[in-house]
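All remarks here apply to the structure that follows.
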Amino acid sequence: MIEIKGVTKAFGPKTVLRGVDLTIASGTSMVIIGGSGTGKSVLLKCILGLVRPDGGAILLDGQDVARAERDAFLARFGMLFQGGALFDSLTVWENVAFRLLRGFQKRPKAEAREIAIEKLRRVGLSPDVADLYPAELSGGMQKRVGLARAIAAAPEIIFFDEPTTGLDPIMAGVINDLIREIVVEMGATAMTITHDMTSVRAIADHVAMLHEGVIQWTGPVAEMDATPDPYVQQFIHGRAEGPISAVR
Amino acid sequence: MSPAGVLRGIGRPVLESLAAIGRVAIFAGTILGHLFRPPFYPREVMVQLLQIGWFSLPVVGLTALFTGGALALQIYSGGARFNAESVVPSIVAIGMVRELGPVLGGLMVAARVASSIAAELGTMKVTEQIDALVTLSTNPIKYLAVPRVLAATLAVPVLVAVGDSIGIMGGWLVGITRLDFNSAVYIKNTVDFLEVWDVGSGLVKGAVFGFIVALMGCYHGMNSGRGAQGVGRATKSAVVAASVLILAANYILTEVFFTS
């Protein structure tokens, strides 16, 4: 279980997170929605330790992540970055098997390659792409490779940062289905940040809306459409009028 | 402007400069601290040795060749004013191995390598590849910066040695074809005049310059701003900082090596 308690973060004079409280139960899929620049990615990076929060606490299974042993802590996570963040200088299979080729999860090269090819198959890519470089792939294929890399070491918790941004609706649907299938299949805890309401409905068990640095609303995805919260209603229906200013 | 305003105007850039020096020093210290602690990435070091050393050979070699030739012509025409044309082989040799080989080699490597490292790491930063490394339990300084700094520190002295040889050869070529030197006498004068420390000091300079080049490339790349402009600025800063630091370090090393 991930517990976020009163997390605050400012960059210079700009306060991004003003006291975020959120709990994500093990084995569930939480999707965080919110406008651009509301701090969704910052929150995710705070959990991973990529950004140090100014205040508050983040607990993973009751243990403060700031005091956790880094390698063991990060080994529990997989992450799909918005742009894929694949390493240009490595082939596709080396990207997927990155964690399996070094560090304490290191395996023999042949075994790591085999696992990478199996994960590529799992995300719908043929073994032919294994020896290509990321620059030789389309945007959708890069996202799939990123997804394969995120799941390669069978993590307990997977983060997805804008998984469908920049993809056509069909490819976005394919990625959404893959994420849902993989999360259910692995029994992983998932946290996704997105603007894409189709993704929300496809991926989420629970939804949280981040606005002005705090969680404005949170609840099961089934209750999202019926909630009277004006912020959620404006966001999910994409209305220009409402409590959320269109100019931020 | 009020006295306080003047003080503020002077104080702010001074404090910012000191803070920048401190950040670079901490970055360098972190790299040195990681050099002897596992995990090690020998494959990355080999790749960087190839990138920094082998692929810089043409540019360093050509620079040395033309510099050696031009140096021979200059010393000949300058020496002719007081009938000292015969010093061409010895001055070309000492000039190349002590100063021009390491400095020009270092500057050419700075232009080629510091820019490429800063652009590569800067792009990795803005495309979140460095964040991805962290999430994959890999320390970016250890995986990206340490192999580059180690490879540059090892490769640049070798480049300097090759550049010295090619530069001296350039002087010899001009000497025997344009200045009517006897080939055997030219070579004998060169060999007789050079001392081991002349060559050794140039190689030590090369190692220091290699360290500076990779350090600046890594520092500016890993601290790149956002977008294409941020990467462009990081690349420019890396080359400028590496070049200026090479020239400053060259003066300090020359003081240490040859004036005591």
**Report entry** Other-chain or far-sequence residues with amide H under 5 Å of A:Gln82's (modelled H)
**Finding:** A:Asp161
Query raised in the report: What list do you get for B:Arg112, A:Arg52 if you sort them by fewest beta carbons within 10 Å?
Result: A:Arg52, B:Arg112
Requested in this report: Could you grab the relative contact order for region A:72-162? Cα pairs under 8 Å, six or more apart, rounded to a whole percent.
Outcome: 50 percent
Query raised in the report: Looking at the square roots a ≥ b ≥ c of the eigenvalues of the Cα gyration tensor of region B:1-136, which shape do they give, rounded for a/c under 1.5, prolate if a/b is larger than b/c, or oblate?
Result: oblate
Report summary line: Expressed in nanometres to one decimal, the distance between label points 7 Å along Cα→Cβ at A:Asp205 and B:Glu255 is 6.7 nm
Requested in this report: Using the Karplus curve 6.51 cos²θ - 1.76 cosθ + 1.60 with θ = phi - 60°, work out ³J(HN,Hα) for each residue of region B:196-208 in order, rounded to whole Hz, and write x for Gly and Pro.
Outcome: 4, 5, 4, 6, x, 4, x, 6, 4, 4, x, 4, 5
Report task. Treating only the Cβ atoms of Lys and Arg (+1) and Asp and Glu (-1) as charged, compute the dipole magnitude of the protein assembly as shown about its Cα centre; round to the nearest 20 debye. Result -> 800 debye
Query raised in the report: Between B:Glu195 and B:Met1, what is the FRET efficiency for a Förster distance of 60 Å, r being their Cβ-Cβ separation, to the nearest 0.05?
Result: 0.60
Report task. Would you please give the FRET efficiency between A:Lys14 and A:Glu185, computed as 1/(1 + (r/R0)^6) with r the Cβ-Cβ distance and R0 = 60 Å, to the nearest 0.05? Result -> 0.90
Query raised in the report: For chain A, what number results from the quotient of the Cα radius of gyration and 2.2 N^0.38 Å?
Result: 1.02
Report summary line: The set of residues whose placed amide H lies less than 5 Å from the amide H of A:Leu101, leaving out same-chain residues fewer than 5 positions away, is A:Arg107
Query raised in the report: So which residue, out of A:Thr198, A:Thr189, A:Thr218, gets the largest mean-square fluctuation from a GNM of chain A using Cα contacts under 10 Å as springs?
Result: A:Thr198
Query - Computed label-point distance, nm, for sites B:Arg233 and A:Asp71 using a 7 Å Cα→Cβ extension - result: 3.7 nm
Query raised in the report: How do B:Lys188, B:Lys205, A:Lys14 rank when sorted from fewest to most other Cβ atoms within 10 Å of their own Cβ?
Result: A:Lys14, B:Lys188, B:Lys205
Query raised in the report: Using θ = phi - 60° and the Karplus form 6.51 cos²θ - 1.76 cosθ + 1.60, what ³J(HN,Hα) does each residue of region A:101-114 get, whole Hz, x for Gly and Pro?
Result: 9, 8, x, 6, 9, 4, 10, x, 4, 4, 5, 4, 5, 4
Query raised in the report: Kirkwood hydrodynamic radius (Cα pairs, Å) of the protein assembly as shown?
Result: 26.3 Å
Query raised in the report: Could you put B:Asp131, B:Asp164 in order, starting from the residue whose Cβ has the fewest other Cβ atoms within 10 Å?
Result: B:Asp131, B:Asp164
Requested in this report: Quick one: dipole size for region B:41-258, taken about the Cα centre, charges +1 on Lys/Arg Cβ and -1 on Asp/Glu Cβ, in debye to the nearest 20.
Outcome: 520 debye
Query raised in the report: Which value, to two decimals, describes the C-alpha radius of gyration of region B:41-258 once divided by 2.2 N^0.38 Å?
Result: 1.16
Query raised in the report: To the nearest Å, what is the center-to-center distance of region B:112-140 and region B:1-68, using C-alpha atoms only?
Result: 15 Å
Report summary line: Excluding residues fewer than 8 positions from A:Lys143 in its own chain, the lysines with Cα under 22 Å of it are A:Lys40, A:Lys45, A:Lys119, B:Lys125
Report task. Pick out, from A:His237, A:Gly49, B:Gln51, the residue whose Cα sits farthest towards the positive end of the charge dipole of the protein assembly as shown, with +1 on the Cβ of Lys and Arg and -1 on the Cβ of Asp and Glu. Result -> B:Gln51
Query raised in the report: Magnitude of the Cβ-charge dipole of chain A, K/R +1 and D/E -1, about the Cα centre, nearest 20 debye?
Result: 640 debye
Requested in this report: Pairs of Cα atoms under 8 Å, at least six residues apart: use those to get the relative contact order of chain B, whole percent.
Outcome: 30 percent
**Report entry** Integer Hz, Karplus 6.51/-1.76/1.60 couplings in order for region A:178-194, x for Gly and Pro
**Finding:** 4, 4, 4, 4, 5, 4, 5, 4, 8, x, 7, 8, 10, 9, 10, 10, 7
**Report entry** 5 angstrom amide H check on A:Val16, placed H, neighbours 5+ away
**Finding:** A:Lys9, A:Ala10, A:Phe11
Query - Max mean-square fluctuation residue, GNM over chain B, Cα-Cα springs under 10 Å, options B:Ala184, B:Ala119, B:Ala70 - result: B:Ala184
Query raised in the report: Whole-Å semi-axes of region A:56-146's equivalent ellipsoid, largest first, each the root of 5 times a Cα gyration tensor eigenvalue?
Result: 28, 16, 11
**Report entry** Virtual spin-label span in nm between A:Leu59 and B:Ala80, 7 Å along Cα→Cβ
**Finding:** 8.8 nm
Query - Rg over Rh, two decimals, region A:146-248 (C-alpha only, Kirkwood Rh) - result: 0.99
Query raised in the report: In degrees between 0 and 90, to the nearest 10, how far off the longest principal axis of chain B does helix B:3-35 point, with axes built from Cα atoms?
Result: 80 degrees
**Report entry** Taking chain A and dividing mean pair separation by its residue count, relative contact order in percent (alpha carbons under 8 Å, at least six apart)
**Finding:** 25 percent
Report task. First measure r as the distance between the Cβ atoms of A:Lys106 and B:Val14, then evaluate 1/(1 + (r/R0)^6) with R0 = 56 Å and state the FRET efficiency to the nearest 0.05. Result -> 0.70
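Here, each number is a calculation from the coordinates, and none is a lab measurement. Predicted model, so just to flag it, every value in this text is computed and none were measured. Reconstructed Cβ throughout: ideal geometry from the backbone, glycine too, with neighbour counts over all protein chains shown.
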